[in-house]
1. Among the residues of the stretch 89-123, which ones are surrounded by 18 or more Cβ atoms within 10 Å (Cβ to Cβ), more than 14 Å from the ligand (Cβ to nearest atom) and assigned to a loop (DSSP other than H, G, I, E, B)?
2. Taking the conditions exactly as written (more than 20 Å from Tyr67 (Cα to Cα), in contact with a Pro (Cβ under 6 Å, 6 or more places away or on another chain) and more than 11 Å from the ligand (Cβ to nearest atom)), does Asn227 satisfy them or not?
3. Just checking, how many residues over the stretch 50-78 are in a helix (DSSP H, G or I) and under 22 Å from Leu109 (Cα atoms)?
4. Considering Arg293, Arg300, which residue is more than 22 Å from Glu385 (Cα to Cα) and in contact with a Leu (Cβ under 8 Å, 6 or more places away or on another chain)?
5. Is it the case that some residue within the stretch 333-343 is within 18 Å of Tyr302 (Cα to Cα) and among the charged types (D, E, K, R)?
6. Does the stretch 309-318 include one or more residues that are in a helix (DSSP H, G or I), touching a residue at least 24 places away in the same chain (Cβ under 8 Å) and closer than 20 Å to Asp21 by Cα?
7. Pairs under 7 Å by beta carbon, first residue among the polar types (S, T, N, Q) in the stretch 228-247, partner assigned to a helix (DSSP H, G or I), six or more apart or different chains?
8. Restricting to the stretch 180-212, what's the tally of residues that are within 10 Å of the ligand (Cβ to nearest atom) and within 15 Å of Ile145 (Cα to Cα)?
Amino acid sequence: MSQQSLTAKRMKDIRAFHVMDLLAKAKAMEEQGRYVIHMEVGEPDFESPQAVSKAGIAAIQAGKTHYTPAKGLFALREKISHFYQQRYGIDVAVNRIMITPGASGALQLVMGAMIDPEDEVLLTDPGYPCNRHFVRLVEGKAVEIKVTAASNFQATAKQVDQYWSDRTKALLLASPANPTGSLLSKQNIQDLYRQVSKNQGIFIVDEIYHGLVYDQKETTALAISENIFVINSFSKYFGMTGWRLGWIVAPEAYVDELEKLAQNVFLAAPTPAQYAALAAFSDESLNELEERRKIFAERRDYLYSALQDLGFELDDKPDGAFYLYAKCTQFANDSFQFCHDVLEKTAVAITPGIDFGDYKANQYVRFAYTVPISEMKIGVGRLQEYLSI
Ligand SMILES: Cc1ncc(COP(=O)(O)O)c(C=O)c1O
């Protein structure tokens with residue numbers, strides 16, 4: 001038997017990111033001395049707050065390199081609970097909070113604990129691509145709800161009702177979402193939760209981009225119900241992607257099962273990272289993060305009008321995250337080819353819609369404003385030249 005044939009069947013359904021090809025191409029160009037503007041990267045360019053890095057180093061030096069309990073350091077879970085009180089004015093029992101290796105670890109735990117083979121999980125298309133793979137990993141079936149600008153690129157309760165079948169177990173949404181930056185309002189969350197509850201399913205809300213919301217205050221799904229699974233992370237707002245740390249707030253009834261699975265699958269999240277994250281909630285860090293949020297808002301405003309001026313079609317200014325999902329049909333019928341051509345000719349890297357699903361994916365590209373305005377200006381200048389030829 002060839003090695004290929006020994007690979008699990010599910011691997012056929014796990015897609016690589018197309019943007020990785022683009023990144024490899026960009027890297028090769030950089031090696032040849034070209035100055036690439038990276039607007040494809042889905043992580044903040046800012047480093048972790050100083051206090052966080054210092055606390056991480058101090059933890060390692062103090063020998064805090066052993067396992068923590070599977071649910072994470074009690075002190076960190078307490079800080080998260082306090083953060084919910086401070087930021088959203090809601091009480092979240094420490095017992096319901098579990099530290100995980102990133103939101104990725106959190107999503108895998110929730111899927112592992114809640115989804116049976118053949119269970120259907122409703123997601124959005126476009127949406128965060130790894131979600132359907134997490135579902136596949138546990139032998140579930142991802143069912144994609146096609147979303148458009150008409151519903152702010154979020155699923156509506158009506159759609160959930162239409163897509164719900166006898167096999168549907170869960171609805172998983174992100175707010176703000178990747179790649180569109182769209183936010184669920186309090187009313188949206190209430191309507192969706194009501195619909196999911198009516199169908200006796202579970203509602204999972206990924207709030208990884210909370211904190212990166214610009215013109216209004218975001219609502220956590222926890223304010224709607226204690227029975228919603230909420231996922232969050234230190235990666236985006238807290239600027240800690242590489243520390244691999246996130247969390248789940250679970251309904252009380254499922255906490256023990258999730259803990260049992262975590263004990264087996266991850267044992268625990270990285271210990272130095274957990275000590276580092278304790279410092280993420282200090283006034284010093286939060287002030288620094290607040291300054292960054294303002295910078296992201298300025299970048300969004302700049303890029304939004306710059307792309308409009310270039311002729312990209314954009315829907316309403318997205319509320320959060322650090323992405324603009326732009327229609328490129330004025331320039332090309334195939335956004336994947338367009339991204340490759342743009343990279344080759346202008347050394348500007350952007351992500352094709354196909355990385356986020358299939359629905360109208362050829363018509364869209366994602367710009368990440370994870371570089372300073374000065375760099376984006378160079379990128380926009382190059383695009384202008386390219387598009388006007
Ligand atoms: C919507 C969404 N959820 C989850 C993740 C995973 O993040 P992490 O595992 O770094 O916390 C990402 C990363 O880009 C994301 O965009």
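Read the figures in this text as sums done on the coordinates, not as results from a lab. Bear in mind the structure is a predicted one, so any value in this text is a computation, not a measurement. Methodologically, a virtual Cβ is constructed for each residue, glycine included, from the backbone with ideal geometry; neighbour enumeration extends over all protein chains shown.
1. Once the filter is applied, which keeps residues that are surrounded by 18 or more Cβ atoms within 10 Å (Cβ to Cβ), more than 14 Å from the ligand (Cβ to nearest atom) and assigned to a loop (DSSP other than H, G, I, E, B), the stretch 89-123 yields Val92, Ile115, Asp119.
2. yes
3. Going through the stretch 50-78 one residue at a time, the tally reaches 5.
4. Going through Arg293, Arg300 in turn, the sole match is Arg293.
5. No - not one qualifying residue is present in the stretch 333-343.
6. Looking for residues that are in a helix (DSSP H, G or I), touching a residue at least 24 places away in the same chain (Cβ under 8 Å) and closer than 20 Å to Asp21 by Cα, one finds none in the stretch 309-318, hence no.
7. Taking only residues 6 or more apart or on different chains, the pairs are Asn232/Ala103; Ser233/Gly102; Ser233/Ala103; Ser235/Gly102; Ser235/Ala103; Ser235/Thr241.
8. 0
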